[in-house]
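Some notes on the structure that comes next.
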Amino acid sequence: MPDLVRVQTRTVEWMLASLLVAWGLGVLAPGDALTVGGLAALLAWWPETAWGAAIATLGAARLVALWINGRRRQTPIVRVAGSFLGAVWWAVIWYALWAGTSAGPRPASMSYYPVLIGFELFSIYRGAFDARRMLGGRPCPPTLP
């Protein structure tokens, strides 16, 4: 039963990491994905292919950490760092879309980026408790129904 609980508490992290990979691959696909709204501002720092590769790599690294966490040893600190970077990334995207479309209609995607940020924060919370349990011997908090 403990393994089932562990899998249930990581499902959100698996989904968020997979979304990062999908987002990065979507940007790497042919076309100009970062020309919507304020996302074009990101191109001042890096080209589109670099953004796509970086975000897909972040997601893939999180997937590897989750796989290691379930198979070999616990990686809560890596999971917390990945969730933090994911939350920052989703916040950047949300803000860029919001700022870039202040004069016109906003895309529907603006409504789900805050949800992704919220679940990243939840993943940070879960990872921090797992780290505390691993380092200090305290029990992990109960899972949500």
Residue that is nearest to the chain's Cα centre (by Cα), among those in region 48-68 that are open to solvent by 20 Å² or more (accessible area, probe 1.4 Å) and at pLDDT below 90: 67
Inspect region 74-84 for any residue being surrounded by fewer than 18 Cβ atoms within 10 Å (Cβ to Cβ) and basic (Lys, Arg) and give the result as yes or no. no
Does residue 43 satisfy the criteria of being part of a helix (DSSP H, G or I), modelled with pLDDT of 85 or more and more than 18 Å from residue 85 (Cβ to Cβ)? yes
In region 107-126, what count of residues is obtained for those that are over 18 Å from residue 89 (Cβ atoms) and open to solvent by less than 60 Å² (accessible area, probe 1.4 Å)? 1
For region 127-145, indicate whether the set of residues that are modelled with pLDDT of 85 or more, open to solvent by less than 50 Å² (accessible area, probe 1.4 Å), charged (D, E, K, R) and within 19 Å of the chain's Cα centre (by Cα) is non-empty. no
Residues that are at pLDDT below 90 and in a helix (DSSP H, G or I), drawn from region 22-35: 33, 34, 35
Out of (1) more than 12 Å from residue 120 (Cβ to Cβ); (2) open to solvent by less than 40 Å² (accessible area, probe 1.4 Å), what's the single condition that is false for residue 43? (2)
Taking residue 38 as the residue in question, decide whether it is modelled with pLDDT under 90 and either over 13 Å from the mean Cα position of the chain (by Cα) or surrounded by fewer than 15 Cβ atoms within 10 Å (Cβ to Cβ) (or both). yes
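The values are calculated or read from the model by the stated rules, or taken from the named source; none is laboratory data. As the structure is a computational prediction, the values presented were derived from the model and not from experiment. Note: ideal-geometry Cβ built from the backbone for every residue, glycine included; neighbour counts use all protein chains shown. Surface areas here come from the heavy atoms of the whole protein model, side chains and all, with no ligands, DNA or RNA. Shrake-Rupley method; radii C 1.70, N 1.55, O 1.52, S 1.80 Å.
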